[in-house]
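J.: Pasting a structure below so you can have a look.
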Amino acid sequence: MLNNLLNQKVKLSLVLISVVAASTISTTIKAQEAPPAIFGDVTIGTRFAPDPYPVRGMSGGSIPGKKIVGRTETPTGPCTGFFDEKPDHTIELKNRFEYLKLQVQSPADTTLIISGPGGTWCNDDFYGKNPGIVGEWLPGIYQVWIGSYEKNRYLPYTLQITESK
């Protein structure tokens, strides 16, 4: 009788351990499948580090670029692609930059919109199929959208911010 009671407790313990282990594995797998919080805001001044400064995200959305900007083209390029309504990143520049380059790196064709002090700029295919904008930048807050060519198609990217020519 004592053996039976002991066997039942051991079986119950093994069942509980199996349930806990299975739920932990399931939770870990689900957590890995969920996209990480990768969109971020950046504040930089001259001689920032690391340079280039990487910011990651997922491009795309359902809003046409020309609707966000209010026109089909800017002096830096066409306002093509589809974007989220809200910007993917906010970049605060603490001071004026005589030279600053923002360039997207992605395995697929992406587009770019930047709005800040002095205007709004769009770009496509700055380097290969990756957009970018380079030039002199005023201090202030810049909103950055990264888009995809297909509506509601989301692609991983890295936005590189650099002072290096």
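J.: Net charge around E98, counting only other residues with Cβ within less than 15 Å of its Cβ (Lys, Arg = +1; Asp, Glu = -1)?
T.: Details: positive: R47, K94, R96, K101, K165; negative: D51, E136, E163.
Taking every other residue near E98 into account, the sum is +2.
J.: Now for a separate question. So, in nm, how far is label K66 from label V134 when the simple model puts each one 7 Å beyond its Cα toward the Cβ?
T.: Simple spin-label model gives 2.9 nm for this pair.
J.: From the protein chains alone at 1.4 Å, what is the descending order of accessible area for F97, F48, F82, largest first? Can you show the working numbers first?
T.: Numbers: F97 5, F48 25, F82 50 Å².
Ranked list, largest accessible area first: F82, F48, F97.
J.: Ignoring ligands, DNA and RNA, what percent of the accessible area of segment 36-159 is carbon or sulfur (1.4 Å)? Write down the numbers at each step before the final one.
T.: On the way: 3160 of 6300 Å².
Reported share for carbon and sulfur atoms: 50 percent.
J.: With the contact rule set at Cα under 8 Å and sequence spacing of 6 or more, what percent relative contact order holds for segment 67-145?
T.: On the way: 168 pairs, mean separation 32.0, N = 79.
That works out to 40 percent.
J.: Going from most exposed to least, what order do T76, T111, T158 have by accessible area with a 1.4 Å probe?
T.: Working: T76 50, T111 0, T158 25 Å².
Correct descending sequence by accessible area is T76, T158, T111.
The values are calculated or read from the model by the stated rules, or taken from the named source; none is laboratory data. Since the model is a prediction, treat every value here as computed from it, not as a measurement. All Cβ positions, glycine included, derive from the backbone under ideal geometry; neighbour counts span all protein chains shown. Accessible surface areas use protein heavy atoms only, side chains included; no ligands, DNA or RNA. Shrake-Rupley method; radii C 1.70, N 1.55, O 1.52, S 1.80 Å.
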